[in-house]
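Here is the structure we will look at.
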Amino acid sequence: MGIVFDEIIKHFDINGEIAHVSPHGNGLINKTFRLHNKQANAPDYLMQRINGDVFHDIAGMTSNLLLITTHLKNKEVGNNSFVSLTPVATHSGEFLFKSNDDHFWRIFLFLKDLISFDKALNIEYVYEGAKGYGQFIKEMNDFPVEKLHVVIPDFHHLGKRLEQLNSAKERANLERISKCSSLFEVAELQYDRLKEMITSVNENLLPIRVTHNDTKFNNILFDSNGKSACVVDLDTAMPGIVHYDFGDGMRTGAVECAEDENDFNKITLKGDKIKAYCEGYLNPISDLLTSIELKFLPLAPSYMALIMSVRFLTDYLNNDNYYRIEYPEQNYMRARCQLKLSELFYEQREFIEDIIST
Ligand code: GN1
Ligand code: MG
């Protein structure tokens with residue numbers, strides 16, 4: 001991609017000497033690279049180019065990152081398996097560097113003993129991944145949420161996401177619109193089914209906490225014993241409701257299929273995974289959640305799968321200018337799969353309620 005990495009790396013306060021740079025991870029928004037150190041006794045690093053089309057408040061996002069990682073660092077003591085990300089400063093003490101082509105870059109220490117997975121390997125990983133995200137809520141519970149910037153306003157506001165879809169429809173090409181017409185109908189139906197929760201969210205009836213807001217299964221790192229050890233990708237960590245994290249984690253961590261599963265028959269749910277996810281997530285925070293939070297928790301996976309579907313659909317109609325795609329119809333496939341999951345999770349709401357209440 002013609003990036004002169006050395007020109008960026010040299011501005012950061014790193015140890016050793018970087019031998020080579022390789023692409024890292026499966027994020028859809030930022031570009032991520034691993035910096036491999038030449039010196040065995042010096043660490044590797046993780047370098048990211050922040051997507052400025054998506055993130056307009058990069059200063060606010062970096063302020064959040066520093067506040068959260070500092071807070072989590074203080075919690076590491078006595079918490080032997082849970083670690084925080086470590087951002088690396090530039091020589092002038094900033095945690096960002098702007099390159100000549102106006103891109104923002106940042107660097108973290110690379111956590112070489114920890115690993116992420118796009119899908120849970122087995123039921124223990126479902127439990128542990130969920131527990132890691134629950135732990136994040138717990139550790140941030142004594143942090144003053146008002147100190148955090150709202151990095152992307154209305155990020156998980158379903159009504160506004162539907163409005164964006166409707167305005168994308170007005171501009172989209174007819175072929176794409178007609179391909180999606182049955183999805184539009186199902187999305188509206190799901191929206192109506194979730195109305196009570198949506199109204200409660202819009203009326204601010206649910207407690208605002210520090211939430212991660214992007215709890216995909218691959219944003220949790222595991223140690224070699226399969227224990228969740230670190231929550232990564234804090235870009236959208238900001239004030240939110242616990243349902244965003246619980247729901248988003250469930251739609252990726254407790255399912256059988258990929259986010260863009262093409263084979264409709266493979267889009268299924270299994271009770272044991274849902275159960276493991278609920279139990280893992282609630283383990284660290286069962287004493288913390290209020291009755292109104294618990295009331296809407298069973299609808300959260302359906303809510304989050306619907307919002308993802310609407311966002312993927314919007315991007316498909318906008319000719320794929322937001323999410324990274326690997327094949328032409330990927331956003332359509334993602335939208336179709338997430339909509340199906342929204343329906344399936346809705347059917348599981350009583351099952352989830354039973355697990356939560358026992
Ligand atoms: C994006 O880049 P990544 O994979 O961390 C998106 C999330 C979506 C996710 C869907 C800022 O996250 O909201 O859930 O893709 N992040 C942003 O896979 O839009
Ligand atoms: Mg992300």
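The values are calculated or read from the model by the stated rules, or taken from the named source; none is laboratory data. Values in this document were obtained by computation on a predicted structure and should not be read as measured data. Here the Cβ is made from the backbone with ideal geometry for all residues, glycine too, and neighbour counts use every protein chain on show. The protein model used for the area step is the full one, side chains on, heavy atoms only, and it has no ligands, DNA or RNA in it. Shrake-Rupley method; radii C 1.70, N 1.55, O 1.52, S 1.80 Å.
Report the per residue volume, in Å³, of the convex hull enclosing the C-alpha atoms of the stretch 126-206.
Output value, Cα hull per residue: 162 Å³.
For the stretch 21-80, max minus min Cα coordinate along each principal axis, in Å, sorted largest first?
38, 31, 18
List the pair-distance distribution P(r) of the stretch 76-126, using every Cα-Cα distance, as the percent of pairs falling in each 10 Å bin from 0 up to the bin containing the longest distance, rounded to whole percents.
18, 31, 31, 16, 4
Which number do you get for Rg(Cα) / (2.2 N^0.38 Å) in the stretch 308-348?
On the way: Rg = 10.7 Å, N = 41, 2.2 N^0.38 = 9.0 Å.
For the stretch 308-348, the normalised Cα radius of gyration is 1.19.
Under the √(5λ) rule applied to the eigenvalues of the Cα gyration tensor, what semi-axes describe the equivalent ellipsoid of the stretch 44-163? Give them in Å, descending.
After scaling each eigenvalue by five and taking roots: 25, 21, 17 Å.
When N is the residue count of the stretch 224-358, what does its C-alpha Rg come to as a fraction of 2.2 N^0.38 Å?
1.10
Based on the alpha-carbon gyration tensor of the stretch 1-114 and its eigenvalue square roots a ≥ b ≥ c, which shape applies: rounded if a/c is under 1.5, prolate if not and a/b is larger than b/c, or oblate?
Here the stretch 1-114 falls in the oblate category.
Would you mind getting the accessible area per residue of the chain, heavy atoms of the protein chains only, 1.4 Å probe, in Å²? Don't skip to the answer; put the middle values down first.
On the way: 16100 Å² over 358 residues.
Per residue, the chain has an accessible area of 45 Å².
Please report the spacing between the Cα centers of the stretch 326-350 and the stretch 190-236 in Å, no decimals.
17
Using a probe of 1.4 angstrom, how much of the accessible area of the stretch 94-202 is carbon and sulfur, in percent?
The C+S portion of the solvent-accessible surface of the stretch 94-202 is 49 percent.
I'm a student and want to see the number: the projected area of the Cα convex hull of the stretch 159-255, averaged over all directions, in nm².
8.5
Pick out, in residue order, every one of the trypsin sites (Lys or Arg not before Pro) in the stretch 1-90 that is DSSP loop and has at most 11 other C-beta atoms within 10 Å; say none if there are none. Could you put the intermediate results ahead of the total?
Working: sites: LYS10, LYS31, ARG34, LYS38, ARG49, LYS73, LYS75; in loops: LYS10, LYS38.
Sites meeting the loop and neighbour criteria: LYS38.
Provide the FRET efficiency to the nearest 0.05 for the SER81-HIS20 pair, computing r from the beta carbons and using R0 = 35 Å. Can you show the working numbers first?
Values: r = 31 Å, r/R0 = 0.88.
After rounding to 0.05, the efficiency reads 0.70.
From the helices alone, meaning DSSP H stretches of at least four residues, give me the mean residue ellipticity at 222 nm for the chain, per-run term -39500 (n - 2.57), in deg cm²/dmol to the nearest 500.
Value at 222 nm, helices only: -14500 deg cm²/dmol.
Share of the stretch 242-306's accessible area from carbon and sulfur, percent, 1.4 Å?
49
Taking the alpha-carbon set of the chain, what are its Rg and Dmax in Å?
20.2, 58
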